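Q: This is the structure I want to talk about, given as structure tokens.
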Amino acid sequence: MTRSATIIATGRYVPEFEHTNAMFKEQLNKVNPKLGDVVDKFEASSNIKMRRHAPKGWVTSDMAVAAAKDALDEAGLKPEDLDMILLGTDSPDYITPATSVVVQYKLGAVNAGTFDIGCACASFPTGLIQAAGMLATNSHMKYIMVIGSYMMRVLSDWESDVMSFFYSDGAGAAILGVDSKPGYLGSSLFADGSYHAHWGIYSGGTYEPVTAESLAAGRTKVKLITPFPAEVNNEGWPARMHELAKNSNFDITDIDMAIFTQVRYNSIELVMNKLGLSMDKAHWIMDKWGYTGSACLPMAFDDARKSGKVKSGDLVTFVGSGVGYNQAAAAFIMP
């Protein structure tokens, strides 16, 4: 029997607390009245109207576990049924050990192996590709969980840094199983490390271990150093989609649902127009849940599925673009 990986269930965790743009603008104005004006510009291009904050004391692994439980409930599975847990995040609980092992422990997935995927917003499609390959080539494996979890807010100066507009907490998860019918179709992967110094946390690793000086200078917090050119997504996403279609042997017009990194509505609209696809074949969540980085693709996909926009037999594509930068795309036929 052909072992084709398919997505059998999804889940998400969305924090209840809403940090609106009006609230963010008010707190920025206390730091610098000019900063508040940037919020309006960001909202116009991104369609982000609020951020979500997890409860005090929660960490990235807690949100991942909540999303994982939601997906397990839909699948009718128990944590011990999982063979692997792949966790995508660039806001880990620790530098080491891997956050995925913490999730495995908290979830009670005693039979699962784990590893972290650290390519920011490209992590979820990268995880889907990895999971599909593992299921296709390991006959003893039945179920793999791919999770995206994001809490960059905690690693930022979120009360005073205008870029914290984009840091919302959340998590999403998908469970992949095996089917004889086509599920996973193919992939497209790309990276350009020349952008590695544009946006990140640059003190705390081997490049610059934490010192009193780096701590005082704020280098242990996430910072935008140099803006990315718009072409990274506006041209990169269509390139990934065309390469994905070629690698997977389908036409762009065959796509029923396209899920992109949920950072700017204008980017999704522009790319869909370039691809010749109507916006009813895209889905976005940034207006109600903000930008959730590593978690935004699985959260958007879960919302699209559970709102009836994704049906059995649909061809769904995922394109993620993360700082560094990495881009990854994957295509699936829904069971």
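Q: Using Stokes-Einstein with the Kirkwood hydrodynamic radius over Cα pairs, what translational diffusion coefficient do you get for the chain at 25 °C and a viscosity of 0.890 mPa s, in µm²/s rounded to a whole number? Display every interim value, and only then the final one.
A: Values: Rh = 20.0 Å.
Once the numbers are plugged in, D ends up at 123 µm²/s.
Q: Also: FRET efficiency for Asn247 and Asp280, Cβ-Cβ distance as r, R0 = 35 Å, nearest 0.05?
A: 0.85
Q: Continuing with the same structure: Summing -39500 (n - 2.57) over the DSSP H runs of n ≥ 4 in the chain and dividing by its residue number, what mean residue ellipticity at 222 nm do you reach, to the nearest 500 deg cm²/dmol?
A: Working: 11 runs with 111 residues, N = 335.
My calculation for the chain gives -10000 deg cm²/dmol from helical runs alone.
Q: In addition: Taking the convex hull of the alpha carbon atoms in segment 231-335, what volume per residue do you get, in Å³?
A: 92
Q: Please compute the modelled spin-label separation between Tyr207 and Leu224, points set 7 Å along Cα→Cβ, answer in nm with one decimal.
A: The two pseudo-label positions are separated by 1.8 nm.
Q: With axes computed from alpha carbons, what is the tilt in degrees of helix 35-46 against the longest principal axis of the chain, rounded to the nearest 10 within 0 to 90?
A: On a 0 to 90 degree scale, this one is about 20.
Q: Same structure again: Quick one: angle between helix 21-31 and the longest Cα principal axis of the chain, in degrees between 0 and 90, rounded to 10, please.
A: Between helix and principal axis, roughly 30 degrees.
Q: Would you mind calculating the gained length between Arg3 and Asp192 on full extension (0.36 nm times residue separation, minus the Cα-Cα distance), in nm to one decimal? Show your work: numbers first, answer last.
A: Working: separation 189, 0.36 × 189 = 68.04 nm, distance 3.28 nm.
Result: 64.8 nm gained on full extension.
Q: Where does each of 85-91, 144-150, 278-284 land if you order them by average Cβ count within 10 Å, highest first? Mind showing how you got there, number by number?
A: On the way: 85-91: 28.0, 144-150: 32.1, 278-284: 15.9.
Result, highest mean first: 144-150, 85-91, 278-284.
Q: Another question, then. What residues qualify as long-range amide H neighbours of Ala9, i.e. H under 5 Å apart, gap of 5 or more or another chain, H built at 1.01 Å from N?
A: Sorted by chain and number, the residues that satisfy this are Ile175.
Q: Okay, next question. Within the set Lys25/Lys274; Lys142/Lys246; Lys41/Lys288; Lys25/Lys288; Lys106/Lys181; Lys69/Lys223, which residue pairs have Cα atoms separated by over 23 Å?
A: Working: Lys25/Lys274 34 Å; Lys142/Lys246 29 Å; Lys41/Lys288 18 Å; Lys25/Lys288 17 Å; Lys106/Lys181 33 Å; Lys69/Lys223 33 Å.
Distance filter (> 23 Å) returns Lys25/Lys274; Lys142/Lys246; Lys106/Lys181; Lys69/Lys223.
Q: When ranked by the protection proxy of mean other Cβ atoms within 10 Å per residue, highest first, what sequence do the peptides 60-73, 248-261 form? Provide the component values of the computation, followed by the final result.
A: Working: 60-73: 24.1, 248-261: 18.7.
Packing proxy ranking, top to bottom: 60-73, 248-261.
Q: While we're here: Pairs of Cα atoms under 8 Å, at least six residues apart: use those to get the relative contact order of the chain, whole percent. Don't jump to the answer; show the numbers that get you there.
A: Numbers: 810 pairs, mean separation 88.3, N = 335.
Reported as a whole number, the value is 26 percent.
Q: Using 11 Å as the cut-off for backbone N distance, which residues of segment 39-83 belong to the label zone defined by a point 7 Å from the Cα of Thr20 along Cα→Cβ?
A: What the label zone holds, given the 11 Å backbone N cut-off, is 50.
Q: Oh, and also: Under a plain spin-label model, where a point goes 7 Å from the Cα along Cα-to-Cβ, how far apart in nm are Asn32 and Glu231?
A: According to this spin-label approximation, the distance is 2.9 nm.
Q: Taking Cα pairs under 8 Å and at least six residues apart, what relative contact order does segment 1-69 come out at, in percent?
A: Numbers: 51 pairs, mean separation 31.1, N = 69.
Across segment 1-69, relative contact order equals 45 percent.
Q: Follow-up. Would you mind telling me the antiparallel percentage of the DSSP bridges in segment 4-180, rounded to 5?
A: Working: 20 of 30 bridges.
Percent antiparallel among DSSP bridges in segment 4-180 is about 65.
Only the coordinates and a few stated rules stand behind these numbers; no lab work does. It should be emphasised that the depicted structure is a prediction, and the values quoted were computed from it without experimental measurement. Reconstructed Cβ throughout: ideal geometry from the backbone, glycine too, with neighbour counts over all protein chains shown.
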